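The values are calculated or read from the model by the stated rules, or taken from the named source; none is laboratory data. None of these values were measured; they are calculated from a predicted model. Ideal geometry is used to build each Cβ from the backbone, glycine not excepted, and the neighbour counts take in all protein chains shown.
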Amino acid sequence: MASGKIKRLMDSFKGIPVIGDTPVRSGQKYVTPQGFTAIKDGVKQGQSVPAGRPLTGKPRWLKAPLAAGVGYDFVRRTVREHRLSTVCEEAKCPNIGECWNAGTATVMLMGAVCTRACRFCAVDTGNPRGWLDAEEPQNVADSVALMQLKYVVLTSVNRDDLGDGGAAHYADCIRAIKRRNPQTAVEALTPDFQGVLPHVELVLDCEPEVFAQNVETVRRLTHPVRDPRAGYEQTLSVLAHAKRYRPQTLTKTSLMLGLGETDGEIIECMDHLRRIGVDILTLGQYLRPTINHLAVERFVTPAQFEQYREAALTRGFRECVAGPLVRSSYRAEQALVGNNVGLNLRPLAASES
(Lines give C-alpha, C1' and ligand atoms only; values in the text may rest on other atoms or scores of the structure.)
Protein backbone atom coordinates (compact mmCIF):
# COMPACT_ATOMS: atom_id res chain seq x y z
CA MET A 1 0.00 0.00 0.00
CA ALA A 2 1.36 3.42 -0.89
CA SER A 3 2.62 5.48 2.05
CA GLY A 4 0.22 8.30 1.24
CA LYS A 5 -2.77 5.95 1.47
CA ILE A 6 -1.53 4.56 4.81
CA LYS A 7 -1.24 8.10 6.19
CA ARG A 8 -4.79 8.91 5.09
CA LEU A 9 -6.07 5.79 6.90
CA MET A 10 -4.14 6.74 10.04
CA ASP A 11 -5.56 10.27 9.89
CA SER A 12 -9.14 9.03 9.99
CA PHE A 13 -11.27 6.28 11.47
CA LYS A 14 -14.48 5.34 9.62
CA GLY A 15 -14.26 8.72 7.92
CA ILE A 16 -13.82 10.65 11.18
CA PRO A 17 -10.50 12.51 11.48
CA VAL A 18 -8.11 11.45 14.25
CA ILE A 19 -6.78 14.50 16.08
CA GLY A 20 -3.04 15.02 16.08
CA ASP A 21 -1.35 16.47 13.05
CA THR A 22 -4.69 16.50 11.24
CA PRO A 23 -6.51 19.86 11.59
CA VAL A 24 -10.02 19.60 13.03
CA ARG A 25 -12.51 22.40 12.42
CA SER A 26 -14.71 23.86 15.12
CA GLY A 27 -17.92 21.85 15.44
CA GLN A 28 -16.43 18.82 13.68
CA LYS A 29 -16.41 15.31 15.13
CA TYR A 30 -13.00 13.67 15.59
CA VAL A 31 -11.36 10.66 17.26
CA THR A 32 -9.13 11.38 20.25
CA PRO A 33 -5.74 9.70 20.73
CA GLN A 34 -7.47 7.57 23.41
CA GLY A 35 -9.86 6.18 20.81
CA PHE A 36 -13.22 7.83 21.58
CA THR A 37 -15.07 10.43 19.51
CA ALA A 38 -15.54 14.06 20.48
CA ILE A 39 -16.74 17.34 18.99
CA LYS A 40 -14.23 20.16 18.59
CA ASP A 41 -15.12 23.23 20.70
CA GLY A 42 -18.08 21.44 22.23
CA VAL A 43 -20.95 22.42 19.91
CA LYS A 44 -21.74 20.90 16.51
CA GLN A 45 -21.72 23.13 13.46
CA GLY A 46 -25.14 24.74 13.09
CA GLN A 47 -26.44 23.14 16.32
CA SER A 48 -26.97 26.40 18.18
CA VAL A 49 -29.14 29.14 16.76
CA PRO A 50 -27.38 32.45 17.54
CA ALA A 51 -29.47 34.52 19.91
CA GLY A 52 -29.98 38.24 20.01
CA ARG A 53 -28.86 41.03 17.73
CA PRO A 54 -25.40 40.87 16.14
CA LEU A 55 -22.81 43.08 17.83
CA THR A 56 -20.21 44.69 15.62
CA GLY A 57 -16.68 44.57 17.01
CA LYS A 58 -15.46 44.36 20.58
CA PRO A 59 -15.10 47.51 22.70
CA ARG A 60 -11.57 48.65 23.53
CA TRP A 61 -11.77 47.51 27.15
CA LEU A 62 -11.81 43.86 25.99
CA LYS A 63 -8.25 43.92 24.67
CA ALA A 64 -6.05 41.26 26.31
CA PRO A 65 -2.24 40.77 26.35
CA LEU A 66 -0.78 38.65 23.57
CA ALA A 67 -0.15 34.96 24.28
CA ALA A 68 3.64 35.19 24.03
CA GLY A 69 6.70 35.73 26.20
CA VAL A 70 9.27 33.87 28.29
CA GLY A 71 6.85 33.01 31.10
CA TYR A 72 4.22 31.90 28.59
CA ASP A 73 6.71 29.57 26.89
CA PHE A 74 7.78 28.07 30.25
CA VAL A 75 4.23 27.26 31.34
CA ARG A 76 3.42 25.89 27.88
CA ARG A 77 6.42 23.55 27.98
CA THR A 78 5.57 22.43 31.51
CA VAL A 79 1.98 21.47 30.76
CA ARG A 80 3.07 19.68 27.55
CA GLU A 81 5.85 17.71 29.26
CA HIS A 82 3.51 16.55 32.02
CA ARG A 83 0.62 15.77 29.64
CA LEU A 84 -1.72 18.21 31.37
CA SER A 85 -4.75 20.03 30.04
CA THR A 86 -5.49 23.61 31.04
CA VAL A 87 -8.77 25.46 30.97
CA CYS A 88 -6.72 28.42 29.73
CA GLU A 89 -6.29 26.68 26.36
CA GLU A 90 -9.33 24.45 26.12
CA ALA A 91 -11.84 27.19 26.99
CA LYS A 92 -10.03 29.83 24.89
CA CYS A 93 -9.51 32.13 27.89
CA PRO A 94 -8.58 35.69 26.85
CA ASN A 95 -6.20 36.00 29.83
CA ILE A 96 -3.86 33.17 28.84
CA GLY A 97 -1.06 35.59 27.87
CA GLU A 98 -1.21 37.50 31.16
CA CYS A 99 -1.55 34.47 33.42
CA TRP A 100 1.03 32.24 31.74
CA ASN A 101 3.57 35.05 31.64
CA ALA A 102 3.00 35.41 35.39
CA GLY A 103 3.74 31.70 35.78
CA THR A 104 0.20 30.65 36.68
CA ALA A 105 -2.20 28.28 34.99
CA THR A 106 -5.49 26.59 35.84
CA VAL A 107 -5.07 22.83 35.46
CA MET A 108 -8.01 20.96 33.95
CA LEU A 109 -8.18 17.43 35.32
CA MET A 110 -9.44 14.23 33.68
CA GLY A 111 -8.64 15.21 30.12
CA ALA A 112 -9.85 17.81 27.67
CA VAL A 113 -13.18 16.22 26.64
CA CYS A 114 -16.33 16.99 28.62
CA THR A 115 -19.44 14.80 28.66
CA ARG A 116 -21.63 17.90 28.58
CA ALA A 117 -22.22 20.47 25.86
CA CYS A 118 -22.96 23.86 27.39
CA ARG A 119 -23.71 26.43 24.70
CA PHE A 120 -21.29 29.03 26.09
CA CYS A 121 -18.27 26.73 26.48
CA ALA A 122 -15.50 25.89 23.98
CA VAL A 123 -14.27 22.73 25.70
CA ASP A 124 -14.61 19.69 23.43
CA THR A 125 -17.52 17.35 24.19
CA GLY A 126 -17.79 13.58 23.94
CA ASN A 127 -17.91 10.35 25.95
CA PRO A 128 -14.46 9.33 27.28
CA ARG A 129 -15.94 5.94 28.27
CA GLY A 130 -14.17 5.74 31.61
CA TRP A 131 -10.71 6.77 30.40
CA LEU A 132 -8.46 8.36 33.02
CA ASP A 133 -4.73 9.05 33.15
CA ALA A 134 -3.52 7.19 36.25
CA GLU A 135 -0.33 9.26 36.27
CA GLU A 136 -2.15 12.60 36.32
CA PRO A 137 -2.14 13.14 40.14
CA GLN A 138 1.64 12.82 40.29
CA ASN A 139 2.14 14.82 37.09
CA VAL A 140 0.03 17.65 38.47
CA ALA A 141 1.95 17.64 41.77
CA ASP A 142 5.27 17.67 39.89
CA SER A 143 4.15 20.58 37.73
CA VAL A 144 3.08 22.61 40.77
CA ALA A 145 6.51 22.00 42.30
CA LEU A 146 8.32 22.90 39.08
CA MET A 147 6.41 26.17 38.74
CA GLN A 148 6.83 26.84 42.48
CA LEU A 149 3.16 27.73 42.83
CA LYS A 150 1.91 28.96 46.17
CA TYR A 151 -1.69 28.78 44.94
CA VAL A 152 -3.09 26.43 42.32
CA VAL A 153 -6.55 26.21 40.79
CA LEU A 154 -7.72 22.73 39.81
CA THR A 155 -10.75 22.50 37.57
CA SER A 156 -12.03 19.67 35.42
CA VAL A 157 -14.36 18.64 32.68
CA ASN A 158 -17.64 17.01 33.66
CA ARG A 159 -17.23 13.25 33.62
CA ASP A 160 -20.75 11.84 33.75
CA ASP A 161 -19.33 8.60 32.30
CA LEU A 162 -17.69 7.84 35.66
CA GLY A 163 -19.70 6.44 38.56
CA ASP A 164 -18.56 9.17 40.95
CA GLY A 165 -18.20 11.89 38.32
CA GLY A 166 -14.42 11.71 38.82
CA ALA A 167 -14.56 12.80 42.47
CA ALA A 168 -12.08 10.15 43.67
CA HIS A 169 -9.58 11.07 40.94
CA TYR A 170 -10.03 14.76 41.76
CA ALA A 171 -9.31 13.97 45.41
CA ASP A 172 -6.21 11.97 44.45
CA CYS A 173 -4.85 15.02 42.62
CA ILE A 174 -5.39 17.30 45.62
CA ARG A 175 -3.71 14.82 47.97
CA ALA A 176 -0.75 14.44 45.60
CA ILE A 177 -0.27 18.22 45.46
CA LYS A 178 -0.44 18.60 49.22
CA ARG A 179 2.04 15.76 49.81
CA ARG A 180 4.56 17.18 47.36
CA ASN A 181 3.85 20.86 48.03
CA PRO A 182 2.55 21.24 51.62
CA GLN A 183 2.72 25.06 51.47
CA THR A 184 0.61 25.30 48.31
CA ALA A 185 -3.00 26.40 48.69
CA VAL A 186 -5.49 24.54 46.49
CA GLU A 187 -8.68 25.87 44.95
CA ALA A 188 -10.96 23.08 43.75
CA LEU A 189 -13.19 24.42 40.95
CA THR A 190 -15.27 21.29 40.51
CA PRO A 191 -18.06 20.01 38.30
CA ASP A 192 -21.39 19.43 40.01
CA PHE A 193 -21.02 15.62 40.30
CA GLN A 194 -24.71 15.50 39.27
CA GLY A 195 -25.57 16.91 42.69
CA VAL A 196 -24.50 13.72 44.53
CA LEU A 197 -23.33 15.19 47.84
CA PRO A 198 -21.17 12.25 49.06
CA HIS A 199 -19.08 12.75 45.91
CA VAL A 200 -18.66 16.43 46.80
CA GLU A 201 -17.51 15.34 50.26
CA LEU A 202 -14.72 13.21 48.74
CA VAL A 203 -13.17 16.43 47.45
CA LEU A 204 -13.82 18.43 50.62
CA ASP A 205 -12.21 15.72 52.78
CA CYS A 206 -8.88 16.60 51.10
CA GLU A 207 -9.16 20.04 52.72
CA PRO A 208 -8.88 22.43 49.77
CA GLU A 209 -8.56 26.03 50.88
CA VAL A 210 -11.29 27.09 48.42
CA PHE A 211 -14.17 25.05 46.98
CA ALA A 212 -15.66 26.57 43.84
CA GLN A 213 -18.44 25.66 41.48
CA ASN A 214 -19.79 28.00 38.84
CA VAL A 215 -23.45 28.93 38.63
CA GLU A 216 -22.54 30.53 35.24
CA THR A 217 -25.75 32.51 34.64
CA VAL A 218 -28.98 33.66 36.26
CA ARG A 219 -31.79 31.21 36.99
CA ARG A 220 -33.94 32.11 33.96
CA LEU A 221 -31.09 31.59 31.49
CA THR A 222 -29.66 28.40 32.97
CA HIS A 223 -31.22 26.55 30.07
CA PRO A 224 -30.38 27.12 27.21
CA VAL A 225 -26.99 28.44 28.42
CA ARG A 226 -25.98 25.29 30.33
CA ASP A 227 -26.27 21.62 29.44
CA PRO A 228 -29.63 20.05 30.49
CA ARG A 229 -27.80 17.91 33.07
CA ALA A 230 -26.62 21.05 34.87
CA GLY A 231 -28.96 23.16 36.95
CA TYR A 232 -29.18 26.40 38.88
CA GLU A 233 -30.68 24.79 41.99
CA GLN A 234 -28.30 21.84 41.69
CA THR A 235 -25.28 24.14 41.80
CA LEU A 236 -26.70 26.09 44.75
CA SER A 237 -27.32 22.80 46.55
CA VAL A 238 -23.70 21.69 46.11
CA LEU A 239 -22.31 25.06 47.25
CA ALA A 240 -24.62 25.12 50.28
CA HIS A 241 -23.60 21.60 51.28
CA ALA A 242 -19.90 22.43 50.91
CA LYS A 243 -20.32 25.35 53.30
CA ARG A 244 -22.17 23.22 55.86
CA TYR A 245 -19.85 20.21 55.54
CA ARG A 246 -16.56 22.11 55.89
CA PRO A 247 -17.21 25.68 57.06
CA GLN A 248 -13.50 26.60 57.17
CA THR A 249 -13.22 26.11 53.40
CA LEU A 250 -14.13 29.24 51.46
CA THR A 251 -16.80 28.84 48.78
CA LYS A 252 -16.73 30.60 45.45
CA THR A 253 -18.74 30.87 42.24
CA SER A 254 -18.75 32.73 38.95
CA LEU A 255 -21.37 34.51 36.88
CA MET A 256 -21.05 35.45 33.20
CA LEU A 257 -22.73 38.65 32.07
CA GLY A 258 -23.89 39.66 28.62
CA LEU A 259 -26.21 36.73 27.89
CA GLY A 260 -29.45 38.67 28.23
CA GLU A 261 -29.80 38.83 32.02
CA THR A 262 -31.41 41.85 33.70
CA ASP A 263 -30.03 43.85 36.62
CA GLY A 264 -32.82 42.48 38.78
CA GLU A 265 -31.86 38.90 37.93
CA ILE A 266 -28.20 39.57 38.74
CA ILE A 267 -29.14 40.97 42.16
CA GLU A 268 -31.50 38.04 42.75
CA CYS A 269 -28.67 35.62 41.99
CA MET A 270 -26.38 37.46 44.42
CA ASP A 271 -29.03 37.19 47.12
CA HIS A 272 -29.43 33.45 46.52
CA LEU A 273 -25.67 32.94 46.76
CA ARG A 274 -25.32 34.95 49.97
CA ARG A 275 -28.25 33.11 51.53
CA ILE A 276 -26.26 29.86 51.32
CA GLY A 277 -23.03 31.48 52.51
CA VAL A 278 -20.96 31.79 49.32
CA ASP A 279 -17.86 33.84 50.16
CA ILE A 280 -16.41 34.95 46.81
CA LEU A 281 -18.14 35.92 43.57
CA THR A 282 -16.52 36.63 40.21
CA LEU A 283 -18.27 38.56 37.43
CA GLY A 284 -16.99 38.68 33.85
CA GLN A 285 -18.09 39.35 30.28
CA TYR A 286 -19.31 36.40 28.24
CA LEU A 287 -17.40 36.20 24.97
CA ARG A 288 -18.66 33.99 22.18
CA PRO A 289 -15.92 31.39 21.49
CA THR A 290 -17.16 30.31 18.02
CA ILE A 291 -20.00 31.06 15.61
CA ASN A 292 -21.71 27.86 16.82
CA HIS A 293 -22.07 29.15 20.38
CA LEU A 294 -24.55 31.58 21.91
CA ALA A 295 -24.25 35.15 20.74
CA VAL A 296 -23.32 38.04 23.02
CA GLU A 297 -26.42 40.05 23.90
CA ARG A 298 -24.56 43.07 25.30
CA PHE A 299 -21.09 44.25 26.27
CA VAL A 300 -21.14 45.19 29.94
CA THR A 301 -19.19 48.41 30.54
CA PRO A 302 -16.43 48.84 33.15
CA ALA A 303 -18.66 51.29 35.02
CA GLN A 304 -21.43 48.69 35.21
CA PHE A 305 -18.98 46.08 36.52
CA GLU A 306 -17.99 48.55 39.25
CA GLN A 307 -21.66 48.96 40.19
CA TYR A 308 -22.27 45.21 40.30
CA ARG A 309 -19.19 44.73 42.49
CA GLU A 310 -20.42 47.35 44.95
CA ALA A 311 -23.83 45.66 45.05
CA ALA A 312 -22.15 42.33 45.86
CA LEU A 313 -19.94 43.75 48.59
CA THR A 314 -22.95 45.48 50.12
CA ARG A 315 -24.61 42.08 50.36
CA GLY A 316 -21.74 40.66 52.38
CA PHE A 317 -19.48 38.80 49.96
CA ARG A 318 -15.90 38.72 51.27
CA GLU A 319 -14.83 39.72 47.76
CA CYS A 320 -16.39 40.23 44.36
CA VAL A 321 -13.87 40.19 41.53
CA ALA A 322 -15.53 42.02 38.64
CA GLY A 323 -14.33 43.19 35.25
CA PRO A 324 -14.74 42.60 31.52
CA LEU A 325 -11.97 39.97 31.25
CA VAL A 326 -12.45 38.39 34.68
CA ARG A 327 -12.87 34.62 34.71
CA SER A 328 -13.54 32.35 37.68
CA SER A 329 -9.85 31.63 38.30
CA TYR A 330 -8.44 35.00 37.23
CA ARG A 331 -5.77 36.13 39.72
CA ALA A 332 -7.42 33.69 42.11
CA GLU A 333 -4.58 33.86 44.63
CA GLN A 334 -5.38 37.57 45.16
CA ALA A 335 -9.13 37.20 45.61
CA LEU A 336 -9.12 38.05 49.32
CA VAL A 337 -6.96 41.16 49.12
CA GLY A 338 -10.08 43.32 48.91
CA ASN A 339 -9.05 45.44 45.95
CA ASN A 340 -10.73 43.69 42.99
CA VAL A 341 -7.44 41.74 42.50
CA GLY A 342 -5.71 44.96 41.51
CA LEU A 343 -8.03 45.74 38.61
CA ASN A 344 -8.58 49.46 38.18
CA LEU A 345 -11.63 49.95 35.99
CA ARG A 346 -12.05 53.67 36.63
CA PRO A 347 -9.84 54.89 33.74
CA LEU A 348 -11.72 52.55 31.38
CA ALA A 349 -15.05 53.69 32.77
CA ALA A 350 -14.05 57.34 32.32
CA SER A 351 -13.14 56.74 28.69
CA GLU A 352 -16.41 55.01 27.75
CA SER A 353 -18.11 58.18 26.55
Those residues of the range 112-138 which are buried (at least 21 other Cβ atoms within 10 Å of the Cβ), of a type in the set (Gly, Ala, Ser) and either without any contact (Cβ under 8 Å) to a residue 40 or more places away in the chain or in contact with a Pro (Cβ under 6 Å, 6 or more places away or on another chain) (or both) amount to ALA122
A careful count of residues in the range 168-185 that are surrounded by 24 or more Cβ atoms within 10 Å (Cβ to Cβ) and closer than 18 Å to LYS252 by Cα gives 2
Given (1) within 29 Å of VAL337 (Cβ to Cβ); (2) hydrophobic (A, V, I, L, M, F, W, C); (3) assigned to a helix (DSSP H, G or I), LEU221 misses just (1)
Note on the range 134-147: residues under 20 Å from the mean Cα position of the chain (by Cα) and either in a loop (DSSP other than H, G, I, E, B) or at positive phi (or both) are none
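From ARG246, ARG226, ARG220, ARG275, which residue is among the charged types (D, E, K, R), modelled with pLDDT of 95 or more, closer than 30 Å to THR314 by Cβ and touching a Leu at 6+ places or on another chain (Cβ under 6 Å)?
Being among the charged types (D, E, K, R), modelled with pLDDT of 95 or more, closer than 30 Å to THR314 by Cβ and touching a Leu at 6+ places or on another chain (Cβ under 6 Å) holds for just one of ARG246, ARG226, ARG220, ARG275, which is ARG246.
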Reported set for the range 263-304 where residues are small (Gly, Ala, Ser) and either outside any strand (DSSP E or B) or without any contact (Cβ under 8 Å) to a residue 24 or more places away in the chain (or both) is GLY264, GLY277, ALA295, ALA303
Scanning the range 187-198 for residues that are surrounded by fewer than 23 Cβ atoms within 10 Å (Cβ to Cβ) and hydrophobic (A, V, I, L, M, F, W, C), the one farthest from LEU336 (Cα to Cα) turns out to be VAL196
Of (1) out of contact with any helix residue (DSSP H, G or I) (no Cβ under 6 Å at 6 or more places or on another chain); (2) part of a loop (DSSP other than H, G, I, E, B), GLY165 satisfies every one except (1)
Considering the range 148-167, residues that are at pLDDT below 95 and surrounded by fewer than 17 Cβ atoms within 10 Å (Cβ to Cβ), and then whichever is farthest from the chain's Cα centre (by Cα), we arrive at GLN148
Picked from the range 10-53 (must be among the small types (Gly, Ala, Ser) and closer than 26 Å to ASP133 by Cα), the residue modelled with the lowest pLDDT is SER12
Could you tell me whether the range 178-201 includes any residue that is under 16 Å from GLU136 (Cα atoms) and acidic (Asp, Glu)?
no
When every residue in the range 305-326 that is assigned to a loop (DSSP other than H, G, I, E, B) and in contact with a Pro (Cβ under 8 Å, 6 or more places away or on another chain) is compared, the one surrounded by the fewest Cβ atoms within 10 Å (Cβ to Cβ) is LEU325
Every listed condition ((1) surrounded by fewer than 18 Cβ atoms within 10 Å (Cβ to Cβ); (2) of a type outside the set (D, E, K, R); (3) out of contact with any helix residue (DSSP H, G or I) (no Cβ under 9 Å at 6 or more places or on another chain)) holds for VAL225 save (1)
Note to self: On the basis of being modelled with pLDDT of 95 or more, part of a loop (DSSP other than H, G, I, E, B) and surrounded by 18 or more Cβ atoms within 10 Å (Cβ to Cβ), does GLY260 make the cut?
What the structure shows: yes
Those residues of the range 235-283 which are of a type in the set (Lys, Arg) and under 19 Å from ALA167 (Cα atoms) amount to LYS243, ARG244, ARG246, LYS252
How many residues of the range 168-199 are more than 22 Å from ALA112 (Cβ to Cβ) and either in a strand (DSSP E or B) or in contact (Cβ under 8 Å) with a residue 60 or more places away in the chain (or both)? The answer is 1
